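Single-structure report; data block below.
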Amino acid sequence: MYQNPPPAHSPPLHHPVPQHVSTVPQLRSPPPPQPPSQSHSGYGYAQQHGMPSQQGGYNNIPPAFGGFINDPTAQLGFQMGKSAMNAGQEYVEQNFGRFISVGALKHYFNVSNTYVVNKLWIVLFPWRHRPWSRQQRMTNNTQDVFYLPPREDINSPDMYIPMMALVTYILLSTLLAGLRGAFKPELLGYTTTQAISVMLLEILIIKLGTFLLNISSSSQLLDLVAYSGYKFVGVIISLVLTSLFGQMGIGGSWISWVVFVYCFNANAFFLLRSLRYVLLPESNPQGVGGSAAGYTNTRSQKSARTNFLFLYSYGIQLGFMLWLTKV
Amino acid sequence: MVFFGLGGLFYVSVLLINAIAILSEDRFLARIGWTANADPGFGGQRDDGIKARLVNLVSSVRTLMRIPLMFINTAMIIYLLIFG
């Protein structure tokens, strides 16, 4: 694929055809003096092994700034850096796909505007919402059941709202601290760590409860992350309204408690209804959708699971929301 | 910048796992009855009970984390000796 290497005593007369259009602007500058161009020929030889397409562009287009690109050392360093960056990018892309499956993430970000608005309404006012079950789409084999993406199913958890709410919470709490005059730059890091550790603890508690109560849940980890991120919406609303009413001077501290209690109740009810399908296995007599539950749920197991669900939705969420609003 | 508070979280979790790992098997756990149920259940023992699973979890955490905890504790001791 290489062209014939030029003889060492003459500058390269042929240039490989650039594969892509070079974006370096076409400026006029005097041609380089003779000695650098002879060392250019040596480096031009090395360049053809590396990136023939891009360096061909650099050979006939004079540099835009200062002429330091003519310096062969700088040019060698430049292309070494470029190849290192390409190699690093390939490595990251290869290994990133092993840790986090990007396809599953894309399913969670497949949202639409109406979905976001309706979901926020459900999170803040969940009492009138009627069907809470996620819709499934059957494939040919009844083993794999695909849940519909959030765009088509209002009950499907997404990652867009929790991620936005998390970032908004971090920025908002830092802003409120700055308005109080207590801002320091480490506060951003502290708040981030605090919020992420809250989510991690919640997922740990759910996993522990699932293991101890012998619940064979088929839900994904990212579902649990999403469900634990929805409470940031309530926390944000509570913080905003508290500081707003505090600024306007309406009422005492009781109004912030009213707002907080309402947001907490809304979030708890939302989690109760949503996690019912995660924590309590469905008792389908027909086994639609491949739930191969061969064991019988005893009454005590069911009551233990229901107790755990209540305890989690109300008790643990209360603790976490109190902690998060103590900005 | 994100890792500011994670040091404290890591510290607390290492302390908790240490606490689980140093419980004495025969002096303490046998007294309470939290030892591993090694005898095969003759039919009257519920394997999936919450207490059995908890006992299982505790004993598996102890078995698993015994050796890594040695290294983690050594590293933390050196770190705290140097950096205070």
> Can we say A:Val116 is at pLDDT 85 or above, part of a loop (DSSP other than H, G, I, E, B), among the β-branched types (Val, Ile, Thr) and out of contact with any His (no Cβ under 6 Å at 6 or more places or on another chain)?
Replying inline: no
> Tally time: how many residues in region A:208-221 are away from every other protein chain (no Cβ under 14 Å) and touching a helix residue (DSSP H, G or I) at 6+ places or on another chain (Cβ under 6 Å)?
Replying inline: 2
> In the set A:Thr168, A:Thr191, A:Thr174, which member is farther than 29 Å from A:Arg305 by Cα and more than 14 Å from every other protein chain (Cβ to nearest Cβ)?
Replying inline: A:Thr168
>> Go through region B:62-72 and report how many residues are in contact with a helix residue (DSSP H, G or I) (Cβ under 8 Å, 6 or more places away or on another chain) and loosely packed, with under 14 Cβ neighbours inside 10 Å.
In response: 1
> Which is small (Gly, Ala, Ser), without any contact (Cβ under 8 Å) to a residue 40 or more places away in the chain, away from every other protein chain (no Cβ under 14 Å) and assigned to a helix (DSSP H, G or I), of A:Ser256, A:Ser243, A:Ser228?
Replying inline: A:Ser256
> Just one of A:Lys184, A:Lys207 is over 17 Å from the mean Cα position of the chain (by Cα), under 26 Å from A:Val102 (Cβ atoms) and free of Cβ contacts under 8 Å to residues at least 24 places away in the same chain; which is it?
Replying inline: A:Lys207
> Mind checking which residues of region A:103-121 are surrounded by 11 or more Cβ atoms within 10 Å (Cβ to Cβ) and over 15 Å from A:Ser156 (Cβ atoms)?
Replying inline: A:Trp121
> Quick check, is B:Leu23 within 13 Å of the chain's Cα centre (by Cα), under 30 Å from A:Thr191 (Cβ atoms), more than 14 Å from chain A (Cβ to nearest Cβ) and at pLDDT 85 or above?
Replying inline: no
> Among the candidates A:Leu124, A:Leu200, which residue alone is surrounded by fewer than 17 Cβ atoms within 10 Å (Cβ to Cβ) and away from chain B (no Cβ under 14 Å)?
Replying inline: A:Leu124
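The values are calculated or read from the model by the stated rules, or taken from the named source; none is laboratory data. As the structure is a computational prediction, the values presented were derived from the model and not from experiment. All Cβ positions, even for glycine, are placed from backbone atoms using ideal geometry, and neighbour counts span all protein chains on display.
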